[in-house]
Amino acid sequence: MSKLPIMATVSRAYGFLLGEFGTIIRLVWAPLLIGVVLSFNFSGAALDAAIKGDEAALAGQTPGQVLISIVAGLGSVMALVALLRVVIFGDRAPGLWVYLWLGQAELRLVVVALLLFVAAIAAGLAAAIVLSFLAVLANAVPGMGLLLTAIVLVGIPALLIWAAARLSLVPSVVVAENNLGVERSWQLMGGNALAMIAVALLTFGPFTIVSGLVYGAIMGADTSALPSFESLAKMSAEELRQVLREYMVVQYRAMRAHWVELHVLNFVSGVITTALSAGAFGSAYNTIVADPQAQREV
């Protein structure tokens, strides 16, 4: 297994986005557009209920919103798998203009995502128990409070980022090899986790900044800023809830006022993010494994 070159991997990710843009659009427009269209047509009612503070209507919208999220998630999986096949195997599916396929690789990726979600919940519960125990000790042991704060603010986020880096090749392994990819990704990323964190920051950081600026330009003066932290700290619990409620209502109204533009941004961001993900993680897999085709034939 090879070491992961940071700048070369970032370069390949953006090279894939720019050099294969026609193929990317051809393969992902249909699966990604489904979720955007469903959200555009049916999520507005939930936002309107939130603006009015109608909890009953908002609860009634919940099943539909969950269904939209599931369909959009499946579309994202289809798009990612299609582009990973391009990066890893050069399989561009020539002549195919509407790609909607839920095959073995896609279903394996859905299954492993669900398993990792369950594992994350279990890990979160275990961490909560440990932190509760440490909180009790903090009241009795001098200095324990400082240690607990360091664990919460630094230790846990660092552990989560490191674990995400070790598991970052799961989609690539699922596409390239006949397994769920968790153990294999963990193995492949041994010694490469820090490099992958750097790759992710350099690949997605610039686009995140640009998309944030575009989002701000779209929303413009229709949004409002939260009061200062000092002001929030002086408020009672009820006052704080009211301020946050009013703030969120302003954001929801701004979103409804720019519903079309935000969904266009959502679609464009989905295309670019999916392409960069396939370019970065697919290229990383190719580099580390060295012979993806041989792995496919195993």
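The values are calculated or read from the model by the stated rules, or taken from the named source; none is laboratory data. Just so it is clear, the structure is predicted and the values come from calculations on it, not from any experiment. Heads up, the Cβs are rebuilt from the backbone with ideal geometry, glycines too, and the neighbour counts pull from every protein chain shown.
Just checking, does segment 93-105 include any residue being hydrophobic (A, V, I, L, M, F, W, C) and assigned to a helix (DSSP H, G or I)?
Taking every residue of segment 93-105 in turn, at least one turns out to be hydrophobic (A, V, I, L, M, F, W, C) and assigned to a helix (DSSP H, G or I).
Being at pLDDT 95 or above and touching a helix residue (DSSP H, G or I) at 6+ places or on another chain (Cβ under 9 Å) narrows it down to one residue among Gly60, Gly75, Gly64, Gly44; which is it?
Exactly one of Gly60, Gly75, Gly64, Gly44 is at pLDDT 95 or above and touching a helix residue (DSSP H, G or I) at 6+ places or on another chain (Cβ under 9 Å), namely Gly75.
Of the residues Leu38, Leu32, Leu84, only one is at pLDDT 95 or above, in contact with a Gly (Cβ under 6 Å, 6 or more places away or on another chain), surrounded by 18 or more Cβ atoms within 10 Å (Cβ to Cβ) and within 28 Å of Gln251 (Cα to Cα); which?
Every option except Leu32 fails the conditions.
Name the one entry in Val86, Val81, Val112, Val136 that is among the β-branched types (Val, Ile, Thr) and in contact with a Lys or Arg (Cβ under 9 Å, 6 or more places away or on another chain).
Matching residue, one of Val86, Val81, Val112, Val136: Val86.
Among the residues of segment 116-135, which ones are among the aromatic types (Phe, Trp, Tyr) and more than 12 Å from Leu148 (Cα to Cα)?
Phe117, the sole residue that qualifies.
Residue pairs, Cβ under 9 Å, 6 or more apart or interchain, first in segment 99-113 and closer than 21 Å to Ile24 by Cα and surrounded by 13 or more Cβ atoms within 10 Å (Cβ to Cβ), second modelled with pLDDT of 95 or more and among the aromatic types (Phe, Trp, Tyr). List them.
Hits for this filter: Tyr99/Trp29.
In segment 41-75, which residues are of a type in the set (Ser, Thr, Tyr) and either buried (at least 18 other Cβ atoms within 10 Å of the Cβ) or at positive phi (or both)?
Selection gives Ser43 alone.
For segment 110-126, does any single residue satisfy the condition of being over 22 Å from Phe204 (Cβ atoms) and at pLDDT below 85?
no
Does Ser228 satisfy the condition of being at pLDDT below 95, out of contact with any Ser or Thr (no Cβ under 7 Å at 6 or more places or on another chain) and of a type in the set (Ser, Thr, Tyr)? Spell out the reasoning first.
Numbers: at pLDDT below 95: yes; out of contact with any Ser or Thr (no Cβ under 7 Å at 6 or more places or on another chain): yes; of a type in the set (Ser, Thr, Tyr): yes.
Yes.
Could you say whether any residue in segment 114-128 is within 30 Å of Pro31 (Cα to Cα) and touching a residue at least 24 places away in the same chain (Cβ under 8 Å)?
Let us first name the residues in segment 114-128 that are within 30 Å of Pro31 (Cα to Cα), namely 114-121.
Add one more test, that the residue is touching a residue at least 24 places away in the same chain (Cβ under 8 Å), and what stays is 115-116.
Checked segment 114-128: at least one residue is within 30 Å of Pro31 (Cα to Cα) and touching a residue at least 24 places away in the same chain (Cβ under 8 Å).
Residues of segment 166-193 being under 15 Å from Ser2 (Cβ atoms), under 19 Å from the mean Cα position of the chain (by Cα) and hydrophobic (A, V, I, L, M, F, W, C), which ones?
Within segment 166-193, Leu169, Ala193 meet the criteria.
Restricting attention to helices (runs of 4 or more DSSP H) lying wholly within segment 141-228, give those where 3 or more residues are among the small types (Gly, Ala, Ser) and in contact (Cβ under 8 Å) with a residue 24 or more places away in the chain.
Details: elements: 144-150, 156-166, 170-176, 182-188, 193-219.
Counting at least 3 such residues, we get 193-219.
Report yes if some residue within segment 1-16 is of a type in the set (A, V, I, L, M), surrounded by fewer than 21 Cβ atoms within 10 Å (Cβ to Cβ) and outside any helix (DSSP H, G or I); otherwise report no.
There is at least one residue in segment 1-16 that is of a type in the set (A, V, I, L, M), surrounded by fewer than 21 Cβ atoms within 10 Å (Cβ to Cβ) and outside any helix (DSSP H, G or I).
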